[in-house]
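Structure record follows, encoded as structure tokens.
Please treat every number below as a calculation from the coordinates, not as lab data. A quick note: this is a predicted structure, and the numbers were derived from the prediction, not measured. Cβ sites come from the backbone with ideal geometry, for glycine too, and all protein chains shown count toward neighbours.
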Amino acid sequence: MKIEKIGSRGTLFTFEEPESLLGEYSVYLIEGSNRLYLCDTHLGPRSMDPIKEHLRTQGLDKPLVIFLSHSDWDHIWGVSAFSNPLVVAHVFCARNVMQRGPLELQRYASYQNGDVTLVRPHLTFDSSILFADDGVEFVYTPGHTDDSAICVDHQDSVLYVGDMVEKPLPSIGWHDLEKYIESLEFIGEQRGQVIVSSHSGIVTLEDIEDNLDYLRQSQEMVEEQSPEADEDRDHLRKLYTLLLYEDAIANTIGQGFDYASFQRQLWQSLDMDYLTSISSLLNNVDYEELKLALESFMVEL
Ligand SMILES: [Zn+2]
């Protein structure tokens with residue numbers, strides 16, 4: 001593990017292969033005057049051992065706030081390593097942890113690092129929440145997912161942006177690319193900040209520009225109606241179509257939406273194993289067949 005000091009009160013912990021089955025991955029700790037703030041938690045309680053060890057050896061025993069940058073499984077599984085944290089996240093993140101969390105625990109079981117228990121965030125926010133005495137703020141920046149948020153350290157001018165920025169290409173987990181672009185432009189406008197990401201360490205304004213270019217191209221690609229598709233475009237439009245319908249189906253069903261049963265029914269109707277990872281399901285499904293299956297799911301509601 002690589003441990004780096006950032007600014008006057010930040011520490012960046014970076015897991016590298018083979019420590020992290022996901023490749024490079026960082027969590028960020030801010031030592032506030034009144035509380036400690038830990039941004040994201042990697043793949044399970046065991047992943048958090050070096051962070052706990054650091055807190056012990058540095059004598060850091062203030063109340064702990066855990067900020068979840070979004071609800072993806074590789075960010076939330078380590079929460080249960082800590083005995084009494086205040087877990088803060090966007091209101092959609094809290095919903096998604098409970099709605100999608102159980103299936104993802106099964107689907108990505110081989111990645112669990114220790115015995116994972118899902119923890120529902122305790123404190124949620126809509127647009128932002130400020131810990132004024134410590135100068136630490138969490139701000140809603142939808143894009144990578146519908147529940148993505150960033151951490152702003154006002155004292156040190158550091159932004160922790162989770163998966164909103166990634167090198168070389170951003171990762172799309174929500175269909176609203178326009179919102180993703182708006183949020184990235186907002187992040188890029190925060191001049192003079194050190195920008196820390198989950199999967200690419202410290203990123204620059206150029207990286208953000210590259211991500212923006214890709215998102216604009218992606219927007220054009222999914223809007224194009226031409227049937228010919230190269231491999232990249234084919235994968236992108238399958239992903240986009242799945243995300244678009246998933247949202248529409250969830251909104252149509254409302255409160256009673258059951259993510260696991262939606263996924264089970266959908267992939268079983270295509271004769272595929274729904275417990276396989278989404279990326280391999282998408283690799284192996286045909287675009288037209290996926291679209292038809294989603295349309296008929298929608299019609300039957
Ligand atoms: Zn991630």
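Numerical summary
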{"quantity": "Exposure proxy ranking, count of Cβ atoms within 10 Å, fewest first, for Thr141, Thr124", "calculated": "Thr124, Thr141"}
{"quantity": "Mean Cα-pair separation over length for segment 226-299, i.e. relative contact order, pairs under 8 Å, 6 or more apart, %", "calculated": "45 percent"}
{"quantity": "Cut-off under 5 Å, modelled amide H: who pairs with Val87 long-range", "calculated": "Ile66, His122, Leu123"}
{"quantity": "For segment 55-67, 3J(HN,Hα) per residue [Karplus equation, 6.51 cos²θ - 1.76 cosθ + 1.60, θ = phi - 60°, Hz, x = Gly/Pro]", "calculated": "4, 5, 5, 8, x, 8, 10, 7, x, 9, 9, 9, 9"}
{"quantity": "Gain in span if fully extended, Glu185 to Asp49, counting 0.36 nm per residue against the direct Cα distance", "calculated": "45.4 nm"}
{"quantity": "DSSP beta bridge pairing in segment 1-151, given as percent antiparallel to the nearest 5", "calculated": "70 percent"}
{"quantity": "Under 25 Å between alpha carbons - lysine pairs in the chain that sit 8 or more apart or on different chains", "calculated": "12"}
{"quantity": "Rounded Å value of the spacing that divides the Cα centres of segment 112-145 and segment 177-206", "calculated": "18 Å"}
{"quantity": "Order of Met272, Met164, Met98, Met48 - criterion: other Cβ atoms within 10 Å of each residue's Cβ, fewest first", "calculated": "Met98, Met272, Met48, Met164"}
{"quantity": "Taking Phe297, Phe138 and counting other C-beta atoms within 10 Å, the order from fewest to most", "calculated": "Phe297, Phe138"}
{"quantity": "Peptides ranked, highest mean first, by Cβ atoms within 10 Å: ranges 172-178, 197-203", "calculated": "197-203, 172-178"}
{"quantity": "Amide proton proximity set for Ser128, modelled H, under 5 Å, gap of 5+", "calculated": "Tyr140"}
{"quantity": "Sequence-separation-based contact order of the chain, relative, with Cα cut under 8 Å and 6+ spacing, percent", "calculated": "13 percent"}
{"quantity": "Cα→Cβ-extended label distance, 7 Å offset, between Ser128 and Ile253, nm", "calculated": "3.5 nm"}
{"quantity": "Alpha carbon convex hull of segment 72-202, volume per residue in cubic angstrom", "calculated": "123 Å³"}
{"quantity": "DSSP bridge pairs, the chain: antiparallel proportion in percent, nearest 5", "calculated": "70 percent"}
{"quantity": "Charged-residue dipole, Cβ positions (Lys, Arg, Asp, Glu), segment 2-221 about Cα centre, Debye nearest 20", "calculated": "840 debye"}
{"quantity": "For segment 90-103, Karplus couplings with θ = phi - 60° (6.51, -1.76, 1.60), whole Hz, Gly/Pro x", "calculated": "5, 4, 5, 5, 4, 4, 5, 4, 7, 7, 9, x, x, 5"}
{"quantity": "Anisotropy class of the chain from Cα gyration tensor, a/c 1.5 cut", "calculated": "prolate"}
{"quantity": "Residue-wise HN-Hα coupling along segment 131-145, computed from phi with Karplus coefficients 6.51, -1.76, 1.60 (Hz; x: Gly, Pro)", "calculated": "8, 5, 5, 10, x, 10, 10, 10, 10, 5, 9, x, x, 3, 9"}
